[in-house]
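Peer 1: Shown below is the structure under consideration.
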Amino acid sequence: TQLLEQSPQFLSIQEGENLTVYCNSSSVFSSLQWYRQEPGEGPVLLVTVVTGGEVKKLKRLTFQFGDARKDSSLHITAAQPGDTGLYLCAGEGYGNNRLAFGKGNQVVVIP
Amino acid sequence: DAGVTQSPTHLIKTRGQHVTLRCSPISGHKSVSWYQQVLGQGPQFIFQYYEKEERGRGNFPDRFSARQFPNYSSELNVNALLLGDSALYLCASSFVQGARYEQYFGPGTRLTVT
């Protein structure tokens, strides 16, 4: 059973469109991280959210941590082909210093 | 500053063989974690080491072992390789700052077992 469920698993959009992907769990996390991964490479950390309800922006990417610290969303405004990749969310349980990952949201932005 | 480095980049082994993967963390990071990522899945936690001691172990068989050296680099060993061990093996180094726990991943080692 996957601890973190990411949806949709696959999303294909045109350049310039907006998109939102989701990361949901029944567990509470002390922090949650979003990564982007290219094929055959390691995940690259995008953001860490810690406080329930927290919103962080990274250029055209907006990350939100749910009030109950069980879920998160990633919104991309005016998507660019360079945004193409696998977006992984990962939650850290309290005090265990290990990350539980979802399967990822595969995003393809078509020029 | 150099990021997390892993070696080798790619590896092909035969069933039943043994493999050793290596990782050097970011300078100043004392914790190293290992993950296995099978195609189409997210990374799965294998081990965490901090200051040369094992601090956590995921749901992997005893064929998997690891250690951390005084310079904080680490090795992951897998014995009696199975076809199902074919995966991208990721090493991550981390630091803890208050409530923030962030892991930085290396490029991974692609292991193929034939």
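Laboratory data are not the source of any read-out in this text; all were calculated from the coordinates shown. Everything quoted here is computed from the prediction, not taken from an experiment. Here Cβ is always computed from backbone atoms with ideal geometry, including for glycine, and neighbour counts include all displayed protein chains.
Peer 1: For B:T14, which of the numbered conditions (1) exposed (fewer than 13 other Cβ atoms within 10 Å of the Cβ); (2) of a type in the set (S, T, Y); (3) more than 30 Å from A:V107 (Cα to Cα); (4) within 15 Å of the chain's Cα centre (by Cα) fails to hold?
Peer 2: Of everything listed in (1) exposed (fewer than 13 other Cβ atoms within 10 Å of the Cβ); (2) of a type in the set (S, T, Y); (3) more than 30 Å from A:V107 (Cα to Cα); (4) within 15 Å of the chain's Cα centre (by Cα), B:T14 misses just condition (4).
Table: residues versus (1) surrounded by 13 or more Cβ atoms within 10 Å (Cβ to Cβ); (2) within 20 Å of B:G42 (Cα to Cα).
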residue	(1), (2)
A:Q9	yes, yes
A:V21	yes, yes
A:G40	no, yes
A:V44	yes, yes
A:V50	yes, no
A:Q64	yes, no
A:I76	yes, no
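Peer 1: Of the conditions (1) closer than 25 Å to A:E38 by Cβ; (2) within 12 Å of chain A (Cβ to nearest Cβ), B:R55 fails just one. Which one is it?
Peer 2: All conditions are met except number (1).
Peer 1: Name the strands (runs of 3 or more DSSP E) wholly within region A:50-111 that hold at least 2 residues that are of a type outside the set (A, V, I, L, M)?
Peer 2: Per the criteria, A:55-58, A:61-65, A:71-76, A:85-92, A:105-110.
Conditions tested, residue by residue: (1) out of contact with any Ser or Thr (no Cβ under 6 Å at 6 or more places or on another chain); (2) of a type in the set (G, A, S).
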residue	(1), (2)
A:T51	yes, no
A:F65	no, no
A:R69	yes, no
A:T77	yes, no
A:P81	yes, no
A:G93	yes, yes
A:L99	yes, no
A:Q106	yes, no
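Peer 1: Name the residues in region B:30-43 that are touching a strand residue (DSSP E or B) at 6+ places or on another chain (Cβ under 7 Å) and surrounded by fewer than 18 Cβ atoms within 10 Å (Cβ to Cβ), would you?
Peer 2: B:K30, B:V38
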